[in-house]
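K.L.:
Would you mind keeping the following structure in view while I ask a few things?
The values are calculated or read from the model by the stated rules, or taken from the named source; none is laboratory data. Keep in mind that what you see is a predicted model, and the values were worked out from it rather than measured. Using ideal geometry, Cβ is built from the backbone for each residue, glycine included, and neighbour counts are taken over all protein chains shown.
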């Protein structure tokens, strides 16, 4: 009887050891690929640097609209990561106390499910006044394919904070490295 108990205990210990060795080293809610973590980190840092470079006061109490980043070669087109980047930027600004106007539910800005929020420059002043905002965070991106002299897949991004007068008040450029280029198309 004692022998069977020892075998049972040994089997339980081995099963527990196998389960622990196969378990992820981070909690489920923190699991994120390096690529995902990089885009969140790089884009959050870019949002910080954008407003840190402003040559005018940006009032935290007056709303800002963050639009989807658009493809530099087709300003009517965004992408999964172009839209996601704008979400990261909006979240980062809100976490710093800025008022960020949510416009996805509105019908006054061109919102297309597959493209995101797109604003033509001629509409900035009208939309800004209608939504009582002080300005817009807008941006473009360019896919730098590794076949074109780049060693790794990367995307160049240009962010701008534009006032209602269509004047760029601050800007920041950054590179997203080792990214899935298909998610930018």
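K.L.:
Kindly indicate which of 81, 11 is farther than 20 Å from residue 162 by Cα, at pLDDT below 55 and surrounded by 10 or more Cβ atoms within 10 Å (Cβ to Cβ).
P.N.:
After ruling out the rest, the residue left standing is 11.
K.L.:
Given the criteria over 14 Å from the mean Cα position of the chain (by Cα), buried (at least 20 other Cβ atoms within 10 Å of the Cβ) and modelled with pLDDT of 90 or more, does residue 128 qualify?
P.N.:
When the stated conditions are applied, residue 128 does not pass them.
K.L.:
Scan the range 144-166 for residues that are within 21 Å of residue 86 (Cβ to Cβ) and either surrounded by fewer than 20 Cβ atoms within 10 Å (Cβ to Cβ) or at pLDDT below 90 (or both) and jot them down.
P.N.:
Hits for the range 144-166 are 144, 153, 154, 156, 158, 160, 163, 164, 166.
K.L.:
Another question, if that's okay. Would it be correct to say that residue 39 is at pLDDT below 95 and in a strand (DSSP E or B)? Reasoning before the result, please.
P.N.:
Details: at pLDDT below 95: yes; in a strand (DSSP E or B): no.
So residue 39 fails the test.
K.L.:
Could you tell me which residue of the range 42-57 is surrounded by the most Cβ atoms within 10 Å (Cβ to Cβ), considering only residues that are modelled with pLDDT under 95, closer than 22 Å to residue 125 by Cα and touching a strand residue (DSSP E or B) at 6+ places or on another chain (Cβ under 7 Å)?
P.N.:
51
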